[in-house]
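In what follows, a single structure is set out as C-alpha cells and then discussed.
The values are calculated or read from the model by the stated rules, or taken from the named source; none is laboratory data. All values reported here derive from a predicted model rather than from experimental measurement. Cβ sites come from the backbone with ideal geometry, for glycine too, and all protein chains shown count toward neighbours.
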Amino acid sequence: MTTTTTVKISEMIRQADWKTEKHVPVIECPDTVRPGEMFDVTVTLGKEVAHPNTTEHHIRWIDLYFHEKDAKAPYHVARFGFCAHGESVEGPNQGSVYTHHCGATRVKIGKPGVLQALAYCNIHGLWESTREIKVSQ
C-alpha cells in the first residue's frame with residue numbers, strides 16, 4: 001500500500017529577510033496613504049543580494065495581493081510575469097533577451113491593510129513578503 005503525503009501550499013511558502021536572502025520579494029511603497037488616492041508600488045527581488053537570471057535559474061513571476069483589515073479574503077492586485085531568461089534556439093543562455101524580475105503598478109485603497117508579494121523561483125519555489133499600509137486623512 002502506497003501512502004501519499006499531502007502538503008498544503010501554505011506550507012511551501014518560505015519567508016526570510018530580503019536583506020540577506022535573494023529570493024524574497026521587496027515591496028516598495030509609502031507606509032501611509034490617503035484614502036482613495038493612487039500610490040506607486042514596486043516589487044522586485046535581489047535588492048541587496050542579486051538573484052540570477054539564467055535559463056536554468058530565474059524568477060518566473062511575482063503576484064501582488066492586498067488584504068484589507070478585517071476582510072475575509074485578499075484582493076489580487078497584479079501579476080508580473082518574466083518570460084525571457086536568455087534561452088535561444090542556439091541553447092541555454094545564448095539568447096540576447098532577458099527580463100528583470102521587477103514589477104510596478106499604481107493602487108488606491110480605502111482602508112488600511114497589508115500588501116503581500118509572492119514570488120516563484122523555478123528552482124527554490126515560493127517566497128513571500130508583506131508590508132503594512134496605513135490610511136490617514
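The table for this structure:
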{"read-out": "Which listed residue is assigned to a loop (DSSP other than H, G, I, E, B), touching a His at 6+ places or on another chain (Cβ under 8 Å) and exposed (fewer than 15 other Cβ atoms within 10 Å of the Cβ), from 20, 54, 6", "value": "54"}
{"read-out": "So residue 111, is it loosely packed, with under 14 Cβ neighbours inside 10 Å, part of a loop (DSSP other than H, G, I, E, B), in contact with a strand residue (DSSP E or B) (Cβ under 7 Å, 6 or more places away or on another chain) and modelled with pLDDT of 95 or more", "value": "yes"}
{"read-out": "Residues (under 21 Å from residue 26 (Cβ atoms) and in a loop (DSSP other than H, G, I, E, B)) located in the range 114-137", "value": "122, 123, 124"}
{"read-out": "Evaluation of residue 42 against (1) assigned to a loop (DSSP other than H, G, I, E, B); (2) among the polar types (S, T, N, Q); (3) closer than 23 Å to residue 134 by Cβ (one fails), failing number", "value": "(1)"}
{"read-out": "Test: residue in the range 36-46 that is aromatic (Phe, Trp, Tyr), over 17 Å from residue 125 (Cβ atoms) and without any contact (Cβ under 8 Å) to a residue 40 or more places away in the chain", "value": "no"}
{"read-out": "Residue match in the range 63-73 (condition: surrounded by 15 or more Cβ atoms within 10 Å (Cβ to Cβ), acidic (Asp, Glu), in a strand (DSSP E or B) and in contact with a Gly (Cβ under 7 Å, 6 or more places away or on another chain))", "value": "yes"}
{"read-out": "The range 69-93 residues that are over 18 Å from residue 106 (Cβ atoms) and in contact (Cβ under 8 Å) with a residue 12 or more places away in the chain, paired with ones that are in a loop (DSSP other than H, G, I, E, B) and among the hydrophobic types (A, V, I, L, M, F, W, C) (beta carbon under 6 Å, 6 or more apart)", "value": "84/97"}
